[in-house]
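Structure first, commentary second.
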Amino acid sequence: MSNKDDIRRYKDGERLHHWIVAVTFILLAMSGLALFHPSLYWLTNLFGGGQWTRILHPFIGLVMFVSVMVLMVRFWRHNLVNRDDLRWIRYLPDALHKREGRLPPVGRYNAGQKIIYWSTVIGMFLLLFSGLIMWQPYFAPVFPIGLVRFAILVHAFSAILLMMVIILHIYAAIWVKGSLQAMVKGTVSRTWAKKHHPLWYREVTQEERK
Amino acid sequence: MASMQSLDIKNRSATSLPSPSVRSHTELAKLIDVSKCIGCKACQVACMEWNDLRGPVGENTGVYDNPQDLNEHTWTLMRFSEVEPDDFSFEWLIRKDGCMHCDDPGCLKACPAPGAIVQYANGIVDFISEKCIGCGYCIAGCPFDIPRLSRADNRAYKCTLCSDRVAVGLEPACVTTCPTGCITFGTKEDMKQQAVLRIADLNSRGYDNAGLYDPPGVGGTHVMYVLQHADRPGLYHGLPEDPRISPMVGFWQGITKPLAIGALALLAMASFLHFIKHGPNVAEEDDDAPSRDKTRDRKEESSHVE
Ligand code: HEM
Ligand code: SF4
């Protein structure tokens, strides 16, 4: 599939970083869901039992939080929302029906990707603060019970919303062929770039011409 | 406590199917007549003795409450309150604090570990410690602030209502030891009748508001109080007036869970359906892909103008 002529989209460090976030997220989702719903309690077996699941989850959470923060700093500039993004949202049905030609021009990231970026960032802050407040035995005892109850609720809700966002993210990566390569090899084909991120493609080719 | 096979289980934490329940048990209850308590703490000692609990030696802070709060070694604690219920009156109210064994237990509802909290058919709510994962959700779930986590083994503890003794036909250790007959144990019906007599007696002694504390908000409790001032339970070291499972806990453990799991499953399914309807989104290879001449770029630019 790949080609010498492909465009570099992510550096090695950026991809490594992305996969740290991805792996910690999967671990957190599995350990969290294990405690969230009785029908998924068997997932605790993957972590060495209930006690270990409970112990490991918040520490993995801290790793994910720090990684997301660094990722946020790395990519925030590309994820600033502009007028075209707002228009893009209205053309979402066209995007879903593969009628890219009708979409407002897309830069390095489309509006959908920006939504995923920002929901992850906001979600991580909510999960961190609520997670700290409910964290036994270190922090929870110093907070009033009412606040702990509220934190558990916030934690569960933001976790589920984040999981929904990530399901969409994973599906988009599977659906749009050639995207996975960006996170595996760091490169994308020219046709991919032209089709899905024409403005970015123009930028890149102009750079090349200089 | 460990699981008691001779007691059938009515409710089990994080479990959706019914538990073994062929044996019939009558509901039991402990009745604590606060007006008869002299604050000798014999019950507190009996509890430690029967359950082999030895906390570290504490510090005297100038009040009778010792230790200052419930903890993993102290499953029942005498709470002393000096109050002025009416103008120019002074009373020393002593309440034996501990698990109330709610009929609708918030701890059990909140607990994520299957079978770590059970409610026996006789009404006793018990922690099965070896299944506990130490998350502390039971603490958040409890309307009475009773369970305590041990730092040593990360498990939650509280009064078992001596389920091990009750299972073999004995009464709880605190009941056996109480020198004034302030604590009695029996079927919930009997205990309610007993309370009626005690309340009548208290009424005749000028306690017009004497009454039974068996709060309906948690479905009633299997530890009940006779209070001299049942209209103001808060006088008794902040006994809640109308305890109920917090709406936040009810919401979290109620509708949220099936809805959330359903939403995740639906979204995954919708993605799959989208895939099999529309197929993968492939960017077609141009024949001239490797070349970077201007013609191609111009062609390119015009192609995404609508
Ligand atoms: C940001 C750092 C995070 C911290 C400090 C944290 C902390 C915690 C804590 C302390 C608990 C209670 C159970 C335990 O003690 O292990 C918990 C539960 C949970 N966490 Fe996290 N967490 C974090 C991130 C996440 C993320 C990213 C997700 C989602 C993928 C997540 C999903 C969950 C879920 C679903 C539960 C169970 C909630 C329930 O029982 O209703 N957490 N978390
Ligand atoms: S600390 Fe133990 S008993 Fe309490 S909710 Fe968690 S698992 Fe259940």
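I want the local charge near B:GLU171. Using Cβ-Cβ distances under 9 Å, sum +1 for each Lys or Arg and -1 for each Asp or Glu among the other residues. After counting each charged neighbour, the total is +2. The solvent-accessible area of A:GLU208, taken with every protein chain present and a 1.4 Å probe, is close to 70 Å². Net length available on complete extension from B:LEU267 to B:GLU284 is 3.3 nm, with 0.36 nm assigned per residue and the Cα-Cα distance removed. Compactness of segment B:1-81 was expressed as the Cα radius of gyration divided by 2.2 N^0.38 Å, which yields 1.50. Between the beta carbons of A:ASP94 and A:LEU56, assuming R0 = 51 Å, the FRET efficiency works out to 0.70 to the nearest 0.05.
Might you report the magnitude of the Cβ-based charge dipole of the protein assembly as shown about its Cα centre, with Lys and Arg at +1 and Asp and Glu at -1, to the nearest 20 debye?
Value, rounded to 20: 2480 debye.
For the pair A:VAL142 and B:PHE88, a Förster radius of 56 Å applied to the C-beta separation gives a FRET efficiency near 0.90, rounded to the nearest 0.05. Place a label point 7 angstrom from the Cα of A:ALA173 along the Cα-to-Cβ direction, then list the residues of segment A:48-69 whose backbone nitrogen is under 12 Å away. Those under the cut-off are none; the list is empty. When only alpha carbons are used to place a centre, segment A:1-62 and segment B:46-93 end up 47 Å from one another.
Going toward the positive end of the dipole of segment B:69-163, with +1 on Lys and Arg Cβ and -1 on Asp and Glu Cβ, which of B:CYS102, B:THR74, B:GLN119 do you reach last? The Cα lying farthest towards the positive end belongs to B:GLN119. Of the residues A:PHE129, A:GLN181, A:VAL106, the one whose Cα sits farthest toward the positive end of the charge dipole of segment A:7-209, with +1 on the Cβ of Lys and Arg and -1 on the Cβ of Asp and Glu, is A:VAL106.
Once ligands and nucleic acids are excluded and a 1.4 Å probe is used, how much of B:PHE251 is accessible, expressed in Å² to the nearest 10? The accessible area comes out at roughly 90 Å². Please find the FRET efficiency linking A:VAL63 to A:LEU199, where r is the Cβ-Cβ separation and R0 is fixed at 41 Å, and quote it to the nearest 0.05. With R0 = 41 Å, the Cβ-Cβ based efficiency is 0.75.
Computed about its Cα centre, the charge dipole of segment A:56-197 is approximately 720 debye, with only Lys, Arg, Asp and Glu carrying charge at their Cβ.
Accessible surface of segment B:3-245, 1.4 Å probe: 51 percent of it comes from carbon and sulfur atoms. Computed about its Cα centre, the charge dipole of segment B:1-99 is approximately 680 debye, with only Lys, Arg, Asp and Glu carrying charge at their Cβ. Averaged over peptide B:161-174, the number of partner chain Cβ atoms lying within 10 Å of each residue's Cβ comes to 0.
Ranked from largest to smallest solvent-accessible area, with a 1.4 Å probe on the protein heavy atoms, A:ARG209, B:ARG95 come out as A:ARG209, B:ARG95.
Build a GNM of chain B with springs between Cα atoms under 10 Å apart, and of B:LYS277, B:LYS109, B:LYS30 the one that fluctuates most is B:LYS277. Rolling a 1.4 Å probe over the protein heavy atoms leaves B:SER24 with an accessible area of roughly 110 Å².
Straight-line cross-link reach from B:LYS41 at under 27 Å between alpha-carbon atoms covers these lysines, not counting any fewer than eight positions away in the same chain: B:LYS30, B:LYS96, B:LYS158, B:LYS188, B:LYS192.
For B:ASP97, the residues 5 or more places off, or on other chains, whose built amide H falls under 5 Å of its own are B:LEU77, B:MET78, B:ARG79.
The label point for A:LEU40 and the one for B:ASN60, both projected 7 Å from the Cα toward the Cβ, are 5.5 nm apart.
A crude spin-label estimate for the pair A:MET30 and A:MET183, with each label 7 Å from Cα along the Cβ direction, gives 1.6 nm. Shown in residue order for segment B:177-186 are the 3J(HN,Hα) couplings computed by the Karplus curve 6.51 cos²θ - 1.76 cosθ + 1.60 at θ = phi - 60°: 8, 4, x, 9, x, 6, 10, 10, 9, x Hz (x for Gly and Pro).
Along segment B:253-267 the Karplus relation, 6.51 cos²θ - 1.76 cosθ + 1.60 evaluated at θ = phi - 60°, assigns HN-Hα couplings of 8, x, 5, 4, 5, x, 4, 5, 5, x, 5, 4, 5, 4, 5 Hz to successive residues, with x for each Gly and Pro.
The values are calculated or read from the model by the stated rules, or taken from the named source; none is laboratory data. Everything numeric here is computed off the predicted structure, so don't read it as measured data. Cβ coordinates were reconstructed from backbone atoms using ideal geometry, including for glycine residues, and neighbour counts include every protein chain displayed. Please note that ligands, DNA and RNA were not included when accessible areas were found on the heavy atoms of the full protein model with its side chains. Shrake-Rupley method; radii C 1.70, N 1.55, O 1.52, S 1.80 Å.
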